[in-house]
Amino acid sequence: MRAAVLNAPQDLQLTEKDVPVAGPGEVVLKIEANTLCGTDYRLYTGAKTAGVRPGVVPGHEIAGRVHQIGEGVDAYYPDLKVGQQATVSIVVSCGACRNCLHDREHLCENLELFGYGYDGGLQEYMLVPANVVARGNLFPVTKELSPKALCLAEPVSCCLNGIANFGINQADTVVIMGAGPIGLLHAQLAKHAGAANVIVSNRGPGRREIATKLGVTAVHSDDLVQTVNDMTAGRGADVVIVCIGVPELANQALEIAADGGRVNYFAGFPKGSTSTMEPNLIHYKELQVTGGSNARRRDVAKAIELLQDGVIDVDAIVTHEFALSDVHSAYDALRDRIGVKVVVIPD
């Protein structure tokens with residue numbers, strides 16, 4: 001089978017590998033699609049190295065179909081069938097550390113990730129190891145989705161984890177800074193939650209046009225403060241979600257938040273980056289400030305449900321398709337920010 005192998009930063013090779021065989025407790029998925037995100041490019045460039053195994057197959061937004069079921073898997077998945085559509089929760093937690101025991105499995109002190117340590121979805125077949133199956137990280141799908149829709153279960157699950165940290169109410173004005181894939185997903189989830197106003201800011205006109213088609217207010221970043229003031233009679237936004245890792249936005253998010261507002265730094269910022277912030281904004285406005293990283297297994301289950309219910313406009317998010325044999329072009333498109341999100345399909 002074909003597989004893309006990341007031997008070292010900037011060294012991604014398309015190679016031939018043996019098709020994995022399901023041993024006891026294991027499952028093999030036939031990969032149908034894998035979408036790429038900014039983190040994939042950071043792994044490729046070496047900007048992100050923690051937990052990355054040299055020689056790993058990248059890809060963590062995975063859609064597949066059960067190809068082979070190992071002996072004993074029925075103890076965990078009694079109804080699992082060959083040919084059934086499935087994905088995985090990419091965060092494999094230990095279940096025993098302090099974070100796991102306090103319902104923070106996504107922040108597990110011993111976590112391993114698909115596409116980092118475990119071989120991910122940029123290959124034709126993917127092994128789901130026995131410990132992953134036993135942990136409940138395999139998610140068979142009962143109501144079929146298009147493969148590119150199922151791929152979005154991973155980023156949607158991360159958004160859901162972030163939303164759980166700050167919450168969205170029906171009367172809220174929600175501001176989303178950044179109209180990349182995550183920003184556009186957050187916009188749709190905010191609308192679904194019943195937010196009164198959803199404002200997305202971005203410098204690129206193409207992304208703003210997509211946001212407008214999704215039924216939200218899209219503005220140039222330079223016009224954000226005035227738009228928020230106009231829509232809220234000067235009160236500010238109830239929720240501000242920072243979806244682009246630009247340090248300069250950190251303080252502006254606090255500035256445009258209303259008294260008692262919630263600010264979430266959802267995006268990952270460059271390692272070691274710092275930002276000048278005015279702590280009195282948090283103090284006097286009594287702001288709630290949170291982050292968001294990874295997702296729990298229950299978030300993945302909820303993400304699949306939302307995708308099955310058609311909450312997410314998949315075609316607005318996944319705009320460009322590449323064959324696995326042309327995986328380097330997919331990474332080039334990721335680098336050049338072609339479209340919104342790219343998907344890689346095995347030939």
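The values are calculated or read from the model by the stated rules, or taken from the named source; none is laboratory data. Given the structure is predicted, the values throughout are model-derived calculations rather than measurements. With ideal geometry, Cβ positions are generated from the backbone for all residues, glycine too; neighbour counts draw on all protein chains shown. When the accessible area is computed, the model is the full protein with side chains, heavy atoms only, and any ligands, DNA or RNA have been set aside. Shrake-Rupley method; radii C 1.70, N 1.55, O 1.52, S 1.80 Å.
Of note:
- Long-range neighbours under 9 Å by Cβ, at least six apart or interchain, first residue without any contact (Cβ under 8 Å) to a residue 60 or more places away in the chain and under 16 Å from VAL314 (Cα atoms) within region 331-347, second open to solvent by 30 Å² or more (accessible area, probe 1.4 Å) and of a type outside the set (Val, Ile, Thr): GLY339/GLY206; GLY339/HIS320
- Residue within region 298-309 that is closer than 25 Å to ALA187 by Cβ, touching a residue at least 12 places away in the same chain (Cβ under 8 Å) and polar (S, T, N, Q) present: yes
- In region 1-110, counting only strands (runs of 3 or more DSSP E) that sit wholly within it, the ones holding 2 or more residues that are touching a helix residue (DSSP H, G or I) at 6+ places or on another chain (Cβ under 9 Å) and under 17 Å from HIS328 (Cβ atoms) span 2-8, 11-16, 27-35.
- Complete set of residues in region 213-230 that are farther than 23 Å from ILE312 by Cα and not in a loop (DSSP other than H, G, I, E, B): SER221, ASP222, ASP223, LEU224, VAL225, GLN226, THR227, VAL228, ASN229, ASP230
- Residue in region 223-240 that is touching a helix residue (DSSP H, G or I) at 6+ places or on another chain (Cβ under 7 Å) and open to solvent by 50 Å² or more (accessible area, probe 1.4 Å) present: yes
- Any hit, region 200-212, residues being open to solvent by less than 10 Å² (accessible area, probe 1.4 Å), under 24 Å from ALA295 (Cα atoms) and not in a helix (DSSP H, G or I): yes
- Any hit, region 141-155, residues being assigned to a helix (DSSP H, G or I), among the charged types (D, E, K, R) and free of Cβ contacts under 8 Å to residues at least 60 places away in the same chain: no
- Evaluated against (1) surrounded by 14 or more Cβ atoms within 10 Å (Cβ to Cβ); (2) modelled with pLDDT of 95 or more; (3) within 24 Å of the chain's Cα centre (by Cα), ALA22 falls short on exactly one condition, (3).
- Some residue of region 278-291 being closer than 27 Å to THR212 by Cβ and touching a helix residue (DSSP H, G or I) at 6+ places or on another chain (Cβ under 8 Å): no
- Exactly one residue among ALA3, ALA47 is in contact (Cβ under 8 Å) with a residue 12 or more places away in the chain and more than 23 Å from LYS148 (Cβ to Cβ), and that residue is ALA47.
- All of (1) at pLDDT below 95; (2) open to solvent by less than 30 Å² (accessible area, probe 1.4 Å) hold for GLU248 with one exception: (2).
- Scanning region 98-137 for residues that are of a type in the set (Gly, Ala, Ser) and under 20 Å from the mean Cα position of the chain (by Cα) yields GLY115, GLY117, GLY120, GLY121, GLY136.
- Matching residues in region 275-301 - criterion: being surrounded by 15 or more Cβ atoms within 10 Å (Cβ to Cβ) and among the acidic types (Asp, Glu): ASP299
- LEU127 satisfies every condition listed in (1) open to solvent by less than 40 Å² (accessible area, probe 1.4 Å); (2) touching a residue at least 60 places away in the same chain (Cβ under 8 Å); (3) in a strand (DSSP E or B) except (1).
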